[in-house]
Amino acid sequence: MRVAIIGAGISGLSAAYKLSGVGVGIRADIFDRRNRVGGVLETVNCDGYEIESSADNFITTMPWGVQLCKELGLSDKLVQTNSQYRRTYVVRRGRLYLLPDGFLMMAPTKFLPMALTPILSPFGKLRAGLELFIPSRRGDIGDDVDESMRDFVYRRFGREVFERLVEPLVSGIYAADMDKLSVLATLPRFREMERDHGSLIWAMRKQLAANRSAKLAEQSGARYSLFVTLRGGLSLLCDTIASKLPEGSIKLGCGIESVKLNADGKWILKLENADDWEKCCNSDSGLVYDALILACSSYEAARILGGVLPDISECLSKIEHEGTAIATFAFNSDQIKQKINGMGFVVPKIEKSSILAGSFSSFKYPHRAPEGKHLIRIFAGGARNPQAAEMPDKELTTILLEELKRIIKIEGEPLFSLVAHWAKTMPQYHVGHRNLVRKIEQLAQKQPNFAIAGNAFHGIGIPSCIKSGFDAAEKITIGYL
Ligand SMILES: Cc1cc2nc3c(=O)[nH]c(=O)nc-3n(C[C@H](O)[C@H](O)[C@H](O)COP(=O)(O)OP(=O)(O)OC[C@H]3O[C@@H](n4cnc5c(N)ncnc54)[C@H](O)[C@@H]3O)c2cc1C
C-alpha cells in the first residue's frame with residue numbers, strides 16, 4: 001500500500017513514523033512545500049545559543065510527546081524547566097508583578113496570595129471570591145453548548161480577573177480573540193468543573209488536595225514543572241523521526257496543489273510547480289497513491305480537497321488562522337539590571353502593548369545560552385495584533401525592544417536579535433469548534449483510505465499533533481490490514 005502524506009510538520013512526521021513501523025508492505029511518502037522537515041518547529045543553533053523559532057517546549061501530561069522521544073532514543077535529551085524560576089509575571093501599568101501563587105490558568109487555588117496581589121483592585125478580588133457562590137449555568141452545559149472564554153470568565157470571576165489574568169495567560173498560548181475563543185475546545189476541564197462542583201475554586205482546591213505530591217500549589221500560571229524540551233532543540237525530534245523513515249520517502253520542496261480520485265479509487269496528486277516533478281517523482285508509478293493523509297494546515301487541506309471532497313473542504317475552510325512572530329534577543333547577563341524570578345511574563349490586552357508574552361528563555365532552560373549570556377523571546381501578533389506577524393524584521397524588533405525595555409530594566413543594545421514570522425499558523429478554536437471538528441471527522445470517516453491530521457482539530461500543542469498523526473496512520477492501517 002502506498003500512502004501519501006502532505007505536510008512534514010510534527011503531525012505528518014508522526015503519521016509517517018507510525019506507518020513505517022507497521023511493516024506489512026506499507027510505504028509512506030511525505031511531501032512538503034518547504035525545503036526542510038519540522039513545519040513550524042525550527043531550532044537555530046549558533047555560537048553556543050539554542051534558539052527555538054516557534055514552540056520551545058511541550059507538556060508532559062499528554063503522554064505522546066515524551067513517549068515518542070523515548071521510542072526514538074531521545075530520553076537522555078529531555079530537560080525539565082529550571083525549578084528555580086517556575087513563576088509567571090503579569091504586566092500591570094508597564095511593570096512586572098508575579099502572578100498570585102496558586103493561580104492556575106483560570107482559577108485561584110489559594111486565598112491569601114489573591115487577597116494580597118497588587119494586580120487586582122479590592123473590588124476585583126471581592127468579585128473573584130464570589131465565584132464560590134455563583135451557581136453553574138443551568139441545563140445547557142451539555143457538550144454542544146459552547147461559550148466564549150470571555151463570557152465564561154466574566155460570568156464566573158468578573159471583569160478584572162478576565163482582563164488582568166486570564167486573558168493574557170490564554171492569549172499567550174492561543175493568540176486568539178477571547179470574544180470568539182471556545183472554552184469547550186480549549187479548556188473544557190473548567191466547564192466540567194463548573195458542572196460537577198459548581199465552583200471552579202472549590203474544584204481546583206479539591207484536585208490540589210488530591211495531588212499534594214505534585215506540588216501544584218507552589219506554582220502559578222502555566223504549570224511549568226509539567227513542561228519539557230529537548231537539549232539540542234525541538235528540531236532534533238523532527239530530524240530524528242526523519243532519519244528513521246525509508247530513504248527517499250521525504251519529498252521536500254514539493255508543494256501539492258490538489259488531489260483527485262481515479263476510477264480505481266486511487267489518489268492522484270498534482271504538484272504546485274511543474275519543476276517539482278523532477279524532485280518528487282523518480283519512480284515509474286508517479287504520484288498515484290492508495291491512501292492519503294492530509295497533515296498540512298486546515299486551509300491548505302481545504303484548497304487541496306476542493307475539487308474532490310467539497311463538503312469536507314467547506315468545513316475545513318471555516319477554521320480561521322492567525323499569524324504570530326517571535327523575536328529573540330541575546331544580552332550579556334550584566335545588561336539585565338533587574339532580578340528575574342520567573343520563566344516569563346504575559347501582557348494583558350488592556351496594556352495596549354505590541355507584546356503578547358515574553359519568555360526568559362535561558363532562565364527557563366539554562367543550556368540555551370553560553371555562560372554569562374541570556375536569551376529573551378518575545379511573542380507578538382495573533383488576533384490581538386495581526387500586523388505584527390507581517391511587519392518587516394527591523395521595524396518589529398525596534399518596537400518590541402523598546403517595549404521590552406519599558407517593562408524590564410535592560411541596558412544597551414542586544415548582542416543580536418532573530419525574528420521568525422509564522423503567518424497563518426495558529427488555528428483559532430472559535431465557539432462551535434468542537435461541533436465543526438465532529439462534522440469534519442464524520443465526513444472523513446466515510447471516505448476510505450483517507451485521513452486528516454494536524455493542529456486544527458484537537459489541540460495545537462505538540463503532543464496533540466503527534467497523537468493526531470498517530471490516529472491518522474491508524475485509520476489508514478485499520479482499513480488496510
Ligand atoms: C510561534 C509558535 C509557538 C508555539 N509554541 C508552542 C509550544 O511552546 N508548545 C507546544 O506544544 N506547541 C506550540 N506551538 C504549536 C505547535 O508548535 C504547532 O501546533 C505544531 O508544531 C504544528 O504542527 P503541524 O505538523 O500540525 O503543522 P505545521 O508545523 O504547520 O506543518 C505543516 C506542514 O505542511 C506543509 N504544507 C502546507 N501546505 C502544503 C502543501 N500544499 N503541499 C505540501 N506541503 C504543505 C507546510 O510547509 C508545513 O511544513 C507553537 C506554535 C507557534 C506558531
Only one of ILE26, ILE6, ILE59 that is within 8 Å of the ligand (Cβ to nearest atom) and either over 17 Å from CYS238 (Cβ atoms) or free of Cβ contacts under 8 Å to residues at least 24 places away in the same chain (or both): ILE59
All but one of (1) of a type in the set (Asp, Glu); (2) outside any loop (DSSP other than H, G, I, E, B); (3) in contact (Cβ under 8 Å) with a residue 12 or more places away in the chain hold for ASP101, so report the exception by its number. (2)
Residues that are polar (S, T, N, Q) and touching a helix residue (DSSP H, G or I) at 6+ places or on another chain (Cβ under 8 Å): which strands (runs of 3 or more DSSP E) entirely in the range 1-55 hold 1 or more of them? 43-46
Looking at the range 385-407, which of its residues are surrounded by fewer than 20 Cβ atoms within 10 Å (Cβ to Cβ) and part of a loop (DSSP other than H, G, I, E, B)? PRO386, PRO392
Is at least one residue of the range 428-439 of a type in the set (S, T, N, Q) and crowded, with 19+ Cβ neighbours inside 10 Å? yes
Matching residues in the range 307-344 - criterion: being within 15 Å of the ligand (Cβ to nearest atom) and of a type in the set (A, V, I, L, M, F, W, C): VAL308, LEU316, ILE319, ALA325, ILE326, ALA327, MET343
Taking only pairs six or more apart or across chains, which ones have beta-carbon atoms under 7 Å, a first residue in the range 112-126 that is surrounded by fewer than 13 Cβ atoms within 10 Å (Cβ to Cβ), and a second residue that is of a type outside the set (A, V, I, L, M, F, W, C)? PRO118/TYR97; SER121/GLU160
Would you please name the residue that is nearest to PRO427 (Cα to Cα), looking only at residues in the range 446-461 that are near the ligand (Cβ under 8 Å from one of its atoms) and crowded, with 24+ Cβ neighbours inside 10 Å? ALA456
All conditions in (1) assigned by TED's automatic domain parsing to the domain that holds ILE304; (2) without any contact (Cβ under 8 Å) to a residue 24 or more places away in the chain are true of ASP76 except (1)
Residue list for the range 370-392, restricted to those being within 16 Å of the ligand (Cβ to nearest atom), of a type outside the set (A, V, I, L, M) and in contact (Cβ under 8 Å) with a residue 40 or more places away in the chain: ARG377, PHE379, GLY381, GLY382, ARG384, PRO386, GLU390
Kindly evaluate TYR17 against the criterion of being touching a residue at least 60 places away in the same chain (Cβ under 8 Å), of a type outside the set (Asp, Glu) and more than 30 Å from GLU403 (Cβ to Cβ). yes
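The values are calculated or read from the model by the stated rules, or taken from the named source; none is laboratory data. Just so you know, these numbers come straight off a predicted model, no measurement behind them. All Cβ positions, even for glycine, are placed from backbone atoms using ideal geometry, and neighbour counts span all protein chains on display.
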